[in-house]
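Written out below as structure tokens is the structure these notes cover.
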Amino acid sequence: MPICIECRTPVKTLWTQYKGAGDPSSGHNIRLTVCKNCGRFCDKYVEHDFVVLFIDLVLIKPQVYRHLLHNTLMHERDQFDPSIVRLGTLLLLFDVYLTWARIEKQSVPDPGSSQTSNLGSLAEQPIVCQYMFFLILCFFSTLAFHLSIRFLTSSSFSPLTFLGLLRQPCARPNSVSTALLVSSSTKLFPILMVIWDYDVPAAARSLGWAVVANNVEALEILLDCGYGVAIVLAAAGAVARWLVGRAVLWAAGLEWVDSMGVGDNGVAADGEALWALLRHLREWAGRLAVG
């Protein structure tokens, strides 16, 4: 059931559509529902476009998260919205490049070693094999991040439930993953680098804090659990992601690689790497235009 994004009161409908709505000359003929509890529109974002939604996501406004998580993206049978599947795929592909670039920048720990690359024997493999390795690394790391938080929020065996930190287990586990993916969309913000220049280190640090803050805000809004529990959930997911990343690197013989940068702990480094990628793409596009 949809809710009022201002006071969280459940409502039957968010708007009323009148006869003649399909006639361009009559306007859209849609009237937003006014909440009986707070007296404001139940969901003003119904009439807003994606740009406004994205800006308010960056500004971490609770209303836009309630609009997305309760009134737009959630289905009655706890199914993923197709747009969330596409967003998750896009974020995964971004993580592949960012993790690859970050690990390659690390120095080889043993100066006397014959290895010329931090990737070891993996650097000698075809580029497709290297890409598949980082795809597997990012996929399982991201999966661990989501599954650990889903377990803590949705399982009856969750320690948070036993300790009374959660009122009751979340009955819709996919909504937790949806909240995490939506809040991680801030990672895509550096795409604006194609248009404007930024101070890369400062922008990367700001991006890192923004992603973490958005994850915590999304969990708190969805679960209504308080910021303390939301921070614990985000931290537990980050630890699980780091452990799985270490395990995959160890299995590939890259145990010397610092995996603290793998996952959300290295999101500031992700921002810096992504900014560098987009800067190179813009320079390449400029050369094509001149040519």
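The values are calculated or read from the model by the stated rules, or taken from the named source; none is laboratory data. All of these numbers come straight from a predicted model, not from anything done at the bench. Using ideal geometry, Cβ is built from the backbone for each residue, glycine included, and neighbour counts are taken over all protein chains shown.
Overview of results
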| read-out | value |
| --- | --- |
| Restricting the range 37-94 to residues that are of a type in the set (Lys, Arg) and assigned to a helix (DSSP H, G or I), the residue that is nearest to residue 15 (Cα to Cα) | 44 |
| Residues that are of a type in the set (A, V, I, L, M, F, W, C), farther than 17 Å from residue 215 by Cα and touching a Phe, Trp or Tyr at 6+ places or on another chain (Cβ under 9 Å), drawn from the range 42-59 | 42, 46, 52 |
| Checking residue 165 against (1) farther than 24 Å from residue 83 by Cα; (2) at pLDDT 90 or above, the condition it does not meet | (2) |
| Test: residue 114 is of a type outside the set (Lys, Arg) and modelled with pLDDT of 75 or more | no |
| Residue in the range 20-27 that is outside the structural domain of residue 222 (by TED's automatic domain parsing), modelled with pLDDT of 85 or more, out of contact with any Phe, Trp or Tyr (no Cβ under 9 Å at 6 or more places or on another chain) and surrounded by 11 or more Cβ atoms within 10 Å (Cβ to Cβ) present | no |
| Hey, residue 16 within 30 Å of residue 249 (Cβ to Cβ) and either over 31 Å from the mean Cα position of the chain (by Cα) or modelled with pLDDT of 75 or more (or both) or not | no |
| From 243, 277, 254, residue being in the same structural domain as residue 161 (by TED's automatic domain parsing), part of a loop (DSSP other than H, G, I, E, B) and at pLDDT 55 or above | 254 |
| Selected residue [closer than 26 Å to residue 212 by Cβ, modelled with pLDDT of 85 or more and surrounded by fewer than 18 Cβ atoms within 10 Å (Cβ to Cβ)] from 82, 62, 10 | 62 |
| Filtered residues of the range 119-134 (kept if part of a helix (DSSP H, G or I) and touching a residue at least 40 places away in the same chain (Cβ under 8 Å)) | 120, 121, 122, 133 |
| Residue count, the range 95-111 (criterion: surrounded by fewer than 17 Cβ atoms within 10 Å (Cβ to Cβ) and at pLDDT 70 or above) | 2 |
